[in-house]
Amino acid sequence: MKKMLTGNQGTALGSYESGVSYATGYPGTPCTEVLNELSSFTDIDCEWSTNEKVALEVACGVSISGRRSLVLMKTLGLNVAADAFTQLSGTPINGGIVLVVADDVGRIVGDDYQDCRFYNIMSQVPLLEPSDSQEAREFMKIAFEISERFETPVIFRLNSITSKSKSVVHINQEIDRPGKRYRRIHKKSLQKTIGNVVRFGFDNYDSPKLKDYWHDFNENWNRLSSYSKDIEINRVELQDSTIGVIASGVSYLYGKEVLPKASFLKLGLVFPLPQKIIKEFIEKHEKVYVLEDGHPIIEKEIRNMGFEVEGESIFPRFPHMLYFTPDIIEEKILGKVKEREEVRVPFRLPVNCPGCSHNVINDLLKKNNIKAVGGIGCGGLGAFPHFGAIDVVKCMGSSFGIAYGFNKLGSDDEKIVGIMGDGEFWHTGINGLLNIIWNNGDCTLIINDNLTVAMTGGQKNISSPLESHSNKRRISIERVCRSIGVDRVHVIDSYDVEELEKVLLDEIEKKGVSVIISRRKCLIFS
Amino acid sequence: MLVDDLNLIVCGVGGQGVVLSSDILANAFLKSGYDVKATDIIGLGQRGGSVVTHVRAGEKVISPLIKKGEADILLSFEKYEALRWSRYLKEEGLLIVNDKKVTPTSVTEKLQDDIDLDRLLGELDYERMIIDISSILRDDEISSKYTNTFMLGMLSMKTSIESRVWEESIGENVTVGFREDNIKAFRVGRKLFQMKAEEN
């Protein structure tokens with residue numbers, strides 16, 4: 001049977017068919033759908049964790065217990081999980097762990113420029129990158145095999161196009177579910193600390209008692225490198241010897257469309273790079289181009305091998321372009337320029353929905369000329385120039401820490417208010433609040449509680465109302481705030497503008513820590 | 001029975017049903033034996049952003065994205081978006097546009113100057129059908145929220161896919177309670193296209 005699936009759906013199906021026991025993650029555009037899709041299968045457990053680091057740690061525990069797990073996040077989420085990730089990568093694992101990470105290359109759906117492959121290189125973790133939904137499904141199975149065979153986490157890289165693009169997937173009538181896989185072969189996965197102590201060149205290096213605990217990281221990577229040259233998802237398609245193209249992900253498909261006569265080396269397992277195949281491929285062609293979404297990472301690795309390839313020289317990256325389209329390839333390689341002039345059409349800036357509670361806060365800040373630091377999500381839209389209500393926006397959950405720092409040494413008549421949503425508060429923002437209390441700071445803080453994680457499509461968070469039959473336990477924002485020592489906690493309906501304004505202006509004048517919870521359910525999702 | 005490759009751009013603003021249309025389209029082509037790729041590109045923000053979908057069907061589709069100047073039909077639920085993506089149309093391509101304006105936020109918020117939209121649309125040298133769909137739907141006592149399936153009805157006349165397959169695909173992609181009205185709007189769209197074609 002043939003079915004249209006998005007790359008996200010293909011990814012979910014492939015991991016289900018790989019016998020995943022547990023899926024964790026944190027919502028992030030464009031890959032949120034993967035976990036939504038997985039939760040539709042009844043015999044797999046899924047959770048949105050409190051943040052990406054926790055999600056990965058949960059998966060790590062699942063792996064140690066011998067089960068397969070999937071962890072989902074966007075690239076910015078991998079920054080949050082980076083500490084857990086880099087530690088995980090140095091230890092042999094038991095059950096397979098695949099991190100599905102989506103890069104928003106080209107800032108198509110969001111607002112960042114990051115490339116998750118830097119983490120692969122830093123931590124020597126293998127990375128697979130599918131081109132379409134069928135590959136997403138097939139590669140996922142290979143990702144789990146690699147993860148267990150080489151006892152390492154694997155990154156499965158999607159991007160804004162591969163995640164969302166719908167393409168044909170061949171599905172058996174009966175979905176192939178091998179049952180939840182169980183694999184537990186050694187104790188090393190529990191012994192990171194000893195592993196490291198032994199590894200870093202102490203005299204006890206050869207001690208027979210400790211040797212068993214030592215994970216030969218390098219040897220493992222060498223085995224993987226030699227495996228990468230035989231794996232069928234790294235494919236050479238020899239044609240014309242004048243142009244050779246080394247490509248991965250969806251860029252391969254763009255390249256194929258524009259250069260049907262060229263030879264291709266398609267990389268499915270991107271790291272470790274199959275050096276021998278690359279060398280042979282380059283030697284067979286007069287000119288070799290590298291097509292990779294994001295930063296020129298494969299290209300630089302190939303240059304480090306001592307080969308000259310074309311990439312960044314004709315496809316300039318930051319700040320212009322980090323993604324490919326068939327048009328860009330056609331223009332830069334074939335020199336075809338579209339003659340017709342582009343039409344300039346005013347762009348559509350994102351706005352909060354009419355009636356959104358975030359608008360109330362934004363209006364109050366503007367009206368009273370209050371300086372504010374905000375965060376990510378629908379609340380962050382207040383920082384866009386057409387609102388201009390919020391002065392500073394950094395990352396998820398950062399606003400309380402920034403407000404505290406600013407107020408610490410600033411003058412009393414130039415205070416900044418910290419604002420975040422309920423989702424952000426639980427994600428990482430709560431740490432900023434703990435820090436303020438511990439260090440006895442002075443801050444007026446607003447938690448804009450719309451009872452959901454709205455920007456990514458209305459996922460539940462810790463304080464969202466429980467769904468019927470839910471086996472979760474809800475936690476109250478105000479009770480947490482009170483119990484950790486916030487001096488004054490106010491809970492106000494976001495539509496009660498008068499009261500909000502009165503309390504806000506009053507609190508800004510006061511010493512100590514106050515949290516104003518402005519609460520009104522999201523009009524769309526809760 | 002397969003015709004040559006077909007490249008379609010469907011666009012509009014968030015909430016107008018662009019993604020649903022691409023699902024219906026992709027499914028209809030798949031049922032008719034085509035290889036299909038459909039890629040939705042949705043900007044930041046839940047409502048009111050620019051949404052565009054590339055739908056490609058043929059014997060074998062490689063790239064999920066269409067090159068500029070290679071789309072056979074551009075179907076737009078809104079006029080600014082029609083102009084924004086118009087360069088994807090090939091010279092002999094067909095522009096089907098709902099005669100409706102949703103002024104971009106950068107204009108309403110005075111960050112950018114507005115453009116003379118109707119003049120610029122008029123200057124495009126494509127075969128075109130700009131139709132006030134909500135008024136036609138009103139005459140047939142159909143809600144304007146079915147504009148997307150109405151427009152799919154128009155588009156369907158340019159394909160060799162049977163009406164039955166289209167209607168099946170609509171049925172599979174919308175919730176039960178809305179099937180009948182969607183299919184009704186689809187049929188009115190087909191009829192209108194037929195009428196316009198005969199006028200020319």
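Values quoted throughout were computed directly from the atomic coordinates according to the rules given, and no laboratory measurement underlies them. These figures come from a predicted structure and were not determined experimentally. Glycine gets a Cβ as well: all are built from the backbone with ideal geometry, and neighbour counts include every protein chain shown.
Label residue B:196 and residue B:59 with points 7 Å out from Cα along Cα→Cβ: what is the distance between them in nm?
Each label point is offset 7 Å from its Cα along the Cβ direction, giving 3.1 nm.
When only DSSP loop residues count, what GluC sites (Glu not before Pro) in the stretch B:100-144 have their Cβ near at most 10 other Cβ atoms within 10 Å?
Working: sites: B:109, B:123, B:127, B:141; in loops: B:109, B:141.
Listed in order of number, the matching sites are B:141.
Can you check how the C-alpha radius of gyration of chain A compares to 2.2 N^0.38 Å, as a plain ratio?
1.06
When a footprinting reagent is the concern and you count Cβ atoms within 10 Å, what order do A:150, B:178 take, fewest first? Don't jump to the answer; show the numbers that get you there.
On the way: A:150 19, B:178 15.
By the 10 Å Cβ count, ascending, the order reads B:178, A:150.
Quick one: A:469, B:54, fewest Cβ neighbours within 10 Å first, how do they rank?
Working: A:469 5, B:54 25.
Going from least to most buried by this count: A:469, B:54.
Across 10 Å bins from 0, what is the distribution of all Cα-Cα pair distances for the stretch A:1-152, in whole percents?
Bin by bin from 0 Å, the calculated values are 12, 45, 37, 6, 0.
Fewest Cβ neighbours within 10 Å first, please rank A:484, A:419 accordingly.
Details: A:484 14, A:419 32.
Placing the least packed residue first, the sequence is A:484, A:419.
Report the convex hull volume per residue for the stretch A:394-444, counting only C-alpha atoms, in Å³.
Details: hull volume 3.3 nm³, N = 51.
Value for the stretch A:394-444: 64 Å³ per residue.
Can you give me the span-like helices of chain B, meaning DSSP H runs with 18 Å or more of Cα extent along the axis and Kyte-Doolittle mean at or above 0.5?
Numbers: long enough: B:18-31 (20 Å, 1.30); B:179-199 (30 Å, -1.10).
Span-like helices here: B:18-31.
Which GluC sites (Glu not before Pro) in the stretch A:245-343 pass both tests, a DSSP loop state and at most 14 other beta-carbon atoms within 10 Å?
On the way: sites: A:257, A:280, A:283, A:286, A:292, A:299, A:301, A:308, A:310, A:312, A:330, A:331, A:339, A:341, A:342; in loops: A:286, A:292, A:308, A:312, A:339, A:341, A:342.
Filter output for the stretch A:245-343: A:286, A:308, A:339, A:341, A:342.
How long are the semi-axes of the equivalent ellipsoid of the stretch A:252-387, taking √(5λ) for every eigenvalue λ of the Cα gyration tensor, in whole Å from largest down?
45, 20, 12
Return the calculated 222 nm mean residue ellipticity for chain A, to the nearest 500 deg cm²/dmol, obtained by summing -39500 (n - 2.57) across DSSP H runs with n ≥ 4 and dividing by the residue count.
Values: 20 runs with 185 residues, N = 526.
Helices in chain A give a 222 nm mean residue ellipticity of -10000 deg cm²/dmol.
Using a Förster radius of 51 Å, what is the FRET efficiency between residue A:343 and residue A:284 based on their Cβ-Cβ separation? Nearest 0.05, please.
Numbers: r = 43 Å, r/R0 = 0.85.
Given R0 = 51 Å and the Cβ-Cβ separation, E is 0.70.
Given 25 °C and 0.890 mPa s, compute D for the stretch A:357-519 with the Stokes-Einstein relation, Rh being the Kirkwood radius over Cα pairs; round to the nearest whole µm²/s.
On the way: Rh = 15.6 Å.
My calculation gives 157 µm²/s for D.
Quick one: which residues, 5+ away or cross-chain, put their amide H under 5 Å from the amide H of residue A:421? H built at 1.01 Å from N.
A:448
Using all C-alpha to C-alpha distances in the stretch A:242-290, build P(r) with 5 Å bins and read off the rounded percent in each one.
Cα pair-distance distribution for the stretch A:242-290, in percent: 5, 22, 34, 23, 15, 1.
For chain A, take the longest principal axis of its alpha carbons; what is the angle in degrees between that and the long axis of helix A:133-149, to the nearest 10 within 0 to 90?
80 degrees
Which semi-axis lengths, in whole Å and largest first, follow from the square roots of five times the eigenvalues of the Cα gyration tensor of the stretch B:30-184? Before the final figure, lay out the partial values.
Working: eigenvalues 133, 88, 52 Å².
Result for the stretch B:30-184: semi-axes of 26, 21, 16 Å.
Mind telling me which of B:176, B:97, B:61 comes out most flexible in a GNM of chain B, alpha-carbon contacts under 10 Å?
Among B:176, B:97, B:61, the largest GNM mean-square fluctuation belongs to B:176.
How far is the Cα center of the stretch B:134-188 from the Cα center of the stretch A:377-446, in Å?
A separation of 48 Å, based on Cα centres.
Other chains near A:346-359: what is the mean number of their Cβ atoms within 10 Å of each residue's Cβ?
Numbers: counts 14, 11, 18, 13, 9, 8, 4, 5, 2, 0, 2, 0, 0, 0.
Per residue, the number of nearby Cβ atoms from other chains is 6 on average.
In the stretch B:73-149, what trypsin sites (Lys or Arg not before Pro) fall in a loop by DSSP, with at most 13 other Cβ atoms inside 10 Å? Provide the component values of the computation, followed by the final result.
Working: sites: B:79, B:84, B:87, B:90, B:100, B:101, B:110, B:119, B:128, B:138, B:145; in loops: B:100, B:101, B:110.
Qualifying residues, ordered by number: B:101, B:110.
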